[in-house]
Amino acid sequence: MVSPSFGSAESRRHWKDTLDQLVPFAEFYYAEKLTDEQLGRLKEFHPDGQARFWGATSGHDGKMAEVSAGDVVLFTGKNHVRAIGEIGAIFRNSSFADVMWPPKQGGESWHTVYSLREFALAEIPYATLSALLGYKSNFQYPGQLVLSGERARAAIDGLLITTRTALENAGAAAPPGKVSELPVERQHTRSTIVERGAQQVLFNRDESALVIEFCGTLTDTTAIRFSSAAGICDIFLDGPGGRELIEAKSRVGRGHVREALAQLLDYARYAPGVVDRLTALFPEPLDPKERRLLHDYGIDIIHRVTPGVFERVPAPDQAREQMRNIWQPHEPGH
């Protein structure tokens, strides 16, 4: 969903009140306007009793009826996507909306209200989004827009968006409120903990920009992503050159290199088919020490040379062949 939210002075006030900061919805001032069901749903997604909120007027009821928890919303204004959110609880309640966004004299109340499970600031030009969606480069996104099917998937994959809901559906994270008992061997006791699963951010601007730029250089294959119990990969290519799994990183430090290594080996186990190459994508060349680390595990390196130009530094064939048995997909848990 695309939601204009930063263009007018009124929208920017609303942004400041309920996106820039959390709303303590469990406090009486807000909670008295909620039904028991609505309050319960909000607490399911936000057990600490506070969340960011946005909404829509009744004129958008038809469009908003298609929106549900886990959907992605792109907040737009001033020729950019200003932020990306993942929808949590969504319901109709003008009284609750009026507490957060008092309507102007004679103005219209917001009708549909939704909380945000995740929220990340962005700065994506409309032209970039339009290229992913197949719109003209000068399209201005003047109103509420609900996308579905391939067009919605193109935006989510192209911008490298990873929602908590998608991770939960893939088994990489526990649903909200799920608690389990696990042994804590150090203490020789059992302790109740909340399972958190894979830790992935909703949106990383630098990595997204790098992936978009790199994918723009592909000519004979289409980049996709797949989800699994390990998380959601950045790029998966299945074309004339074979199957290649690529993990993008926005920095070239030791920590980012080790993270790429771990993620590639983890995702490869769940790939749809035998993977021919594992590759780490970086915005600049690696130091020799970091390059050797990846090459020792048979992992290729692709780095950005100049805008729109990338160079591959392949791992030694022998190292890649030795690692292929580890890459083979198998049943999770084995």
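Compute the helix-to-body angle for 317-327: its Cα long axis versus the longest principal axis of the chain, expressed 0 to 90° and rounded to tens.
Compared with the principal axis, the helix lies near 50 degrees.
Rounded to the nearest 10 degrees, what's the angle between the helix 205-215 long axis and the longest principal axis of the chain, both from Cα atoms, 0 to 90?
50 degrees
Keeping the other protein chains in place, figure out the carbon and sulfur percent of the accessible area of the chain, with a 1.4 Å probe. Don't jump to the answer; show the numbers that get you there.
Numbers: 8020 of 16810 Å².
Ligands and nucleic acids excluded, carbon and sulfur give 48 percent.
Set the Förster radius R0 to 35 Å, insert the Cβ-Cβ distance between Glu259 and Asp98 as r into 1/(1 + (r/R0)^6), and round the FRET efficiency to 0.05.
Values: r = 45 Å, r/R0 = 1.29.
Once rounded, the FRET efficiency stands at 0.20.
Using R₀ = 41 Å, calculate the FRET efficiency as 1/(1 + (r/R₀)^6) where r is the Cβ-Cβ separation of Thr222 and Lys289; round to 0.05. Write down the numbers at each step before the final one.
Details: r = 34 Å, r/R0 = 0.84.
With R0 = 41 Å, the Cβ-Cβ based efficiency is 0.75.
Counting only heavy atoms of the protein chains, get the accessible area per residue of the chain (1.4 Å probe) and round it to a whole Å² value.
Values: 16810 Å² over 334 residues.
Per-residue value: 50 Å².
Just to confirm the filter: which GluC sites (Glu not before Pro) across the stretch 11-56 are DSSP coil and have at most 16 other Cβ within 10 angstrom of their Cβ?
Of the GluC sites (Glu not before Pro), the ones in loops of the stretch 11-56 whose Cβ has at most 16 other Cβ atoms within 10 Å are Glu27, Glu32.
Among rounded, prolate and oblate, which fits the stretch 18-60 when a ≥ b ≥ c are the square roots of the eigenvalues of its C-alpha gyration tensor, a/c under 1.5 means rounded, and a/b larger than b/c means prolate? Display every interim value, and only then the final one.
Details: a/c = 1.68, a/b = 1.24, b/c = 1.36.
Because a/c hits 1.5 or more and a/b fails to exceed b/c, the stretch 18-60 counts as oblate.
If each of Glu321 and Ala174 carries a label point 7 Å out from its Cα toward its Cβ, how far apart are those two points in nm?
Spacing of the two 7 Å Cα→Cβ label points: 4.6 nm.
Pull up the cross-link candidates among the aspartates and glutamates for Lys136, meaning alpha carbon to alpha carbon under 20 Å and not fewer than 8 places away within one chain.
Reachable aspartates and glutamates: Glu123, Glu150, Asp157, Glu213.
With charges only on Cβ, +1 for K and R and -1 for D and E, what is the dipole size of the chain about its Cα centre, in debye, rounded to 20?
Details: 37 positive and 43 negative charges, 91 e Å.
For this selection, approximately 440 debye.
Any idea how far apart Glu213 and Gln21 come out in nm if each label point goes 7 Å out from Cα toward Cβ?
Output for this residue pair reads 3.7 nm.
Which of rounded, prolate, oblate describes the chain, given a ≥ b ≥ c as roots of the alpha-carbon gyration tensor eigenvalues and a/c under 1.5 marking rounded, otherwise prolate only if a/b is larger than b/c? Walk me through the numbers on the way to the answer.
Numbers: a/c = 2.47, a/b = 1.51, b/c = 1.63.
It comes out oblate by the Cα gyration axes.
The values are calculated or read from the model by the stated rules, or taken from the named source; none is laboratory data. A quick note: this is a predicted structure, and the numbers were derived from the prediction, not measured. Note that each Cβ is placed from the backbone with ideal geometry, even for glycine, and that neighbours are counted across all protein chains shown. Side chains are part of the model used for accessible areas, which takes the heavy atoms of the whole protein and leaves out ligands, DNA and RNA. Shrake-Rupley method; radii C 1.70, N 1.55, O 1.52, S 1.80 Å.
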